[in-house]
Amino acid sequence: MSEAGARDWGIVKGEIMTETIIKTENLHKTYTSGAVKTHALRGVSLEIPRGSFTCIVGPSGHGKSTLMHLIGGLDRPSDGTVHIDGTELSGLGNRELAAVRAKRIGFVFQFFNLLQSLTAQENVEVAMMLAGVPEKDQAERARALLAQVGLAEKCAARPSELSGGQQQRVAIARALANSPDILLMDEPTGNLDSAAEAEVLELLFSLHRQGKTIVIVTHNNDIARQAQQVIRVSDGVISD
Amino acid sequence: MNSAKLVVRNITRRRGRFIFTLAGIAIGIASFVTFLSLGGSLKNEIKREATALGANLVVIPKSACVYEQVSILTGEQLAATITMEEVAKIRAINGLAAVPCLTEKTAINNRPVPVMGVLPADMQRFKGWEIGAGSYFGSPDEPGAVIGAVTARQFGLQPGSTVTVRGERLPVKGVLKESGGKDDLTIFLPLAVAQKLFKSGNLVSFVAVKVDDLAKVDGYITKIKETVSLGVVSDQQMLKSVLSIVGTVNVTLQLIAAVSVLAAAFGIINTMLTATYERKREIGILQALGARNSTIFTLFLMESAGYGVLGGIAGVVGGLMFSAFAAPYIGQNAFTAFVKGSDVAGIFDVKVMAGSILFSAIVAILAGVYPAWRAARLSPVEAISYE
Ligand SMILES: Nc1ncnc2c1ncn2[C@@H]1O[C@H](COP(=O)(O)OP(=O)(O)O)[C@@H](O)[C@H]1O
Ligand SMILES: [Mg+2]
């Protein structure tokens, strides 16, 4: 049992949230590589309320990452629709989709999230640059975000000088750069030891308390147990 | 953070590859600029020498081919085969001035210097020489030397000092005023003195002829050919045939230049393709952060352009250093002998420098299009899933 499991993360279960911020309808995704077709998703419909803490769980290779990518506008479904905050993503062109990723969604992946040639602070600034924030407004906010994730001292550090947990916290600070409502995390603690994992989770729950909608893919049952909503993906569909 | 900063961070992240790619571009651009400016100055210099020669016609051995004509323009050594009797017959023709010249070579401090034997009074009249320092030859067979301005400066020769030609110490009588032609590089001796020193008996290398009436030049050619059994070539013909050789040299130089630039371009393509491959994952991260395809394309193209600009600057600096240190030595060759002094300074021209850097940037941008397109074409998921 990990240390994290013993903690109460302060998620207010049972709080009634009615407004839907993420909605998918009958999502299908088929990957074709050569003659091989992989049906990664076969009809996923879900709704995620604004401000909620949602866990996506399920065995490896069953379509969790694919689902995250479709929700975040990183890829387009073979069939079905994704609505983000009332916007239907399939109706958007590539540029508008990029703008959704820049401003309304923050991504954190399992590993190698950071641009290796940049410092922690610059990694955060890049996200602002891509969203069109003027250079003069970037530094102060980037430092504040790094302070928020407990890395005020590490602004000038390169990714190679940071521990795995610190790198993930930089990635979270960067995901927050443009104040998105939604944070999508694909196994953000999958590569960390339990102490580092606890730190990262603490951070996520505090972000949740600040009103962010958090969707996290995880294998950690303790997190799943405390989440407001758990979505089980199995073989490309939602089970239960 | 801004795009330029991001590009600089990326371009310098692999020091070794950065430096070697840059060196490739710098060498390509340096040779391009050097070869082009060499070719250009070659042409100008030949035209100037033809003017400086001051002759409308040149009498040369019948067997002489275009290479001998080049030698006359460059002041290269030319075998002495024309007798003084033949010279006298030409000089006897009415309506022209003819001066015999013996071209030889000596060495000062192990550097080759052209020597020319001339009839002092006739040559001075023919060329309209002015004396810069000291005096001119007093008599037609006075043992002494009159030196071209550049050679005098280069070896510290002045009136009163001595110059050793073929083991013979000769007093320096005077130094000619600088003319810009090859006369500036030559040591002049009275013909009789030169013939004795170089043991060429009563022979000379060629006879320079100036006619009174340019309209009758063809008539004079016929007349000379009737009088002596020698070849006659007009300065215009000579210029034409020499320039045609230079043209061939120019094409060769341009080809080498083009190949070196092409090699540099492939170096950039190679480096940038490697970079797209290496940074596949980072491209995916940028896309997840909201980078558009056009942003990725621009970032990679800027990186290529950066190579072009930096390589261009390094190339210009390298080219300047090459011109300054190496150009004096390539002046030993018959063709590059034209490239002397001031014309190599062509590369010091600010316009040429700016143009070279711009050219380098354009080549680099063109070379960067394919790698940048490859990078921009990556699908985010493909890039993200790459480890
Ligand atoms: N880019 C891709 N091309 C081809 N097949 C893919 C691609 N991405 C994922 N898949 C396949 O789709 C299925 C679901 O993968 P994924 O969504 O990554 O699962 P999970 O995140 O649950 O481990 C797997 O069989 C995987 O091999
Ligand atoms: Mg996955």
| query | Looking only at the stretch A:188-203, which residues are within 21 Å of residue A:144 (Cα to Cα) and crowded, with 22+ Cβ neighbours inside 10 Å? | reply | A:200, A:201
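Among A:74, A:97, A:89, A:70, which is the only one that is more than 12 Å from every other protein chain (Cβ to nearest Cβ), aliphatic (A, V, I, L, M), surrounded by 19 or more Cβ atoms within 10 Å (Cβ to Cβ) and out of contact with any Asp or Glu (no Cβ under 7 Å at 6 or more places or on another chain)?
Values: A:74 fails: more than 12 Å from every other protein chain (Cβ to nearest Cβ); A:97 fails: more than 12 Å from every other protein chain (Cβ to nearest Cβ); A:70 fails: more than 12 Å from every other protein chain (Cβ to nearest Cβ).
Going through A:74, A:97, A:89, A:70 in turn, the sole match is A:89.
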| Taking the stated definitions as given, is residue A:39 more than 23 Å from residue A:213 (Cβ to Cβ) and either within 16 Å of ligand 2 (Cβ to nearest atom) or part of a strand (DSSP E or B) (or both)? | yes
| query | Can you pull out the helices (runs of 4 or more DSSP H) entirely within the stretch B:5-115 that have at least 3 residues that are outside the structural domain of residue B:163 (by TED's automatic domain parsing)? | reply | B:15-53
| All positions within the stretch B:101-139 that are in contact with a Lys or Arg (Cβ under 7 Å, 6 or more places away or on another chain) and among the aromatic types (Phe, Trp, Tyr) | B:126, B:136, B:137
| Between a first residue in the stretch A:32-47 that is under 18 Å from residue A:59 (Cβ atoms) and away from chain B (no Cβ under 14 Å) and a second residue that is within 11 Å of ligand 1 (Cβ to nearest atom) and open to solvent by less than 90 Å² (accessible area, probe 1.4 Å), which pairs have beta carbons less than 7 Å apart while being 6 or more apart in sequence or on different chains? | A:39/A:30; A:39/A:236; A:42/A:236; A:44/A:67
| field | Residues of the stretch A:42-64 classified as surrounded by 23 or more Cβ atoms within 10 Å (Cβ to Cβ) and within 11 Å of ligand 2 (Cβ to nearest atom), total | value | 3
| Which of (1) within 12 Å of ligand 1 (Cβ to nearest atom); (2) open to solvent by less than 50 Å² (accessible area, probe 1.4 Å) does residue A:39 not meet, given it meets every other one? | (2)
| Inside the stretch B:272-325, can you point out the residues that are within 11 Å of another protein chain (Cβ to nearest Cβ), in contact with a Leu (Cβ under 8 Å, 6 or more places away or on another chain) and of a type outside the set (S, T, N, Q)? | B:280, B:282, B:283, B:284, B:285, B:286, B:288, B:289, B:290, B:291, B:296, B:299
| task | Just give me the residues in the stretch A:100-110 being assigned to a loop (DSSP other than H, G, I, E, B) and facing chain B (nearest Cβ under 8 Å), in sequence order. | result | A:109
| Conditions: (1) in contact with a helix residue (DSSP H, G or I) (Cβ under 8 Å, 6 or more places away or on another chain); (2) within 16 Å of ligand 1 (Cβ to nearest atom). Residue A:22 meets all but one. Number of the miss? | (2)
| message | Condition first: more than 18 Å from the chain's Cα centre (by Cα) and either farther than 11 Å from residue A:146 by Cα or at the interface with chain B (Cβ under 7 Å from one of its Cβ atoms) (or both). Now tell me which residues in the stretch A:117-129 satisfy that. | response | A:117, A:118, A:119, A:122, A:125, A:129
| message | in contact with a strand residue (DSSP E or B) (Cβ under 8 Å, 6 or more places away or on another chain) and either without any contact (Cβ under 8 Å) to a residue 24 or more places away in the chain or open to solvent by 80 Å² or more (accessible area, probe 1.4 Å) (or both): is that true of residue B:178 in this structure? | response | yes
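With of a type in the set (D, E, K, R) and open to solvent by less than 20 Å² (accessible area, probe 1.4 Å) as the only criterion, which of B:49, B:68 stands out? Working first, answer last.
Values: B:68 fails: open to solvent by less than 20 Å² (accessible area, probe 1.4 Å).
Going through B:49, B:68 in turn, the sole match is B:49.
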| note | Of the candidates A:128, A:185, the one satisfying the condition of being within 16 Å of ligand 1 (Cβ to nearest atom), under 28 Å from residue A:21 (Cβ atoms) and open to solvent by less than 20 Å² (accessible area, probe 1.4 Å) is A:185
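Table: residues versus (1) in contact (Cβ under 8 Å) with a residue 60 or more places away in the chain; (2) under 19 Å from residue A:174 (Cα atoms); (3) of a type in the set (D, E, K, R); (4) assigned by TED's automatic domain parsing to the domain that holds residue B:34.
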{"residue": "B:254", "(1), (2), (3), (4)": "yes, no, no, yes"}
{"residue": "B:257", "(1), (2), (3), (4)": "yes, no, no, yes"}
{"residue": "B:261", "(1), (2), (3), (4)": "yes, no, no, yes"}
{"residue": "B:264", "(1), (2), (3), (4)": "yes, no, no, yes"}
{"residue": "B:268", "(1), (2), (3), (4)": "yes, no, no, yes"}
{"residue": "B:272", "(1), (2), (3), (4)": "yes, no, no, yes"}
{"residue": "B:277", "(1), (2), (3), (4)": "no, no, no, yes"}
{"residue": "B:292", "(1), (2), (3), (4)": "no, yes, yes, yes"}
| field | the stretch B:206-256, subset of a type in the set (D, E, K, R) and closer than 17 Å to residue B:43 by Cα, residue nearest to the chain's Cα centre (by Cα) | value | B:240
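The values are calculated or read from the model by the stated rules, or taken from the named source; none is laboratory data. This structure is a prediction, so every number in the text was calculated from the model and none was measured. Because the Cβ atoms are built from the backbone with ideal geometry, glycine has one as well, and the counts that use them run over all protein chains shown. Accessible surface is based on the protein model in full, side chains and every heavy atom, while ligands, DNA and RNA are left aside. Shrake-Rupley method; radii C 1.70, N 1.55, O 1.52, S 1.80 Å.
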